[in-house]
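Below you'll find the structure, written out as structure tokens, and then a few comments.
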Amino acid sequence: MWISLSCALERAIRCVVLFIIIFLLVISGLRPAQAHGYIVRSIPEDRTALTRSPSKIQIWFSENLEPKFSTLKLSDPQGQPIPLEDNGVSATNPAQLSARIPTTLPNGIYLVTIRAVFASDGHIGVETLAFSVGAGVGSFQNTLTTQTAVPLEVIWR
């Protein structure tokens, strides 16, 4: 009787030790979750009041961007798009997104919609920042931003 009880106890201890070893091996193989990229700085800064119209919008990120799918959009106080030139990822810095504003903006509040696709994992980030020129009195109408994938992006990835 003592022999069978000690064998059962010995087997139980072995099973517990084996379980602990397997558990520790599994945990040691796990990597910490990788955070997605984020905005490091921008010109103009979010919610800043400018005395005159900027000539360029520049956004720097913590990770490199996918040039084919990363863009900036600029909207006026009524939500109407304002055309931008040279809109895209910088050729010299793949973590910078920029666009040139071809005309002088009149006084008002402007919204920049940032669509950044990170090269490391294809994660899509959509952010907005606002700035005002001159008096800056007014508000934006609701503008819709989407995080849905464009079919070309799905094929590309």
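Quick note: the coordinates plus some simple rules give every number you see, no bench work behind them. On a predicted model such as this, the values are computed, not experimentally measured, just so you know. Neighbour counts run over all protein chains shown; Cβ positions are idealised from the backbone, glycine included.
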For this session: Tell me which residues come under 5 Å, amide H to amide H, from Thr48 once H is placed; ignore anything under 5 positions away on its chain.
Result: Ser132
Seminar exercise, completed: Listed by chain and number, the residues whose amide H is under 5 Å from that of Lys56, excluding neighbours fewer than 5 places away on the same chain and using placed H, are Ile101
Exercise. What residues have an amide H closer than 5 Å to that of Glu63, excluding those fewer than 5 places away on the same chain, when H is modeled at 1.01 Å from N in the peptide plane?
Worked result: Tyr38
Seminar exercise, completed: Two pseudo-spin positions, 7 Å from Cα along C-beta at Ala91 and at His123, lie apart in nanometres by 3.0
Problem set entry | Ordering of 9-20, 54-65 by burial proxy (mean other Cβ atoms within 10 Å per residue, highest first) | 54-65, 9-20
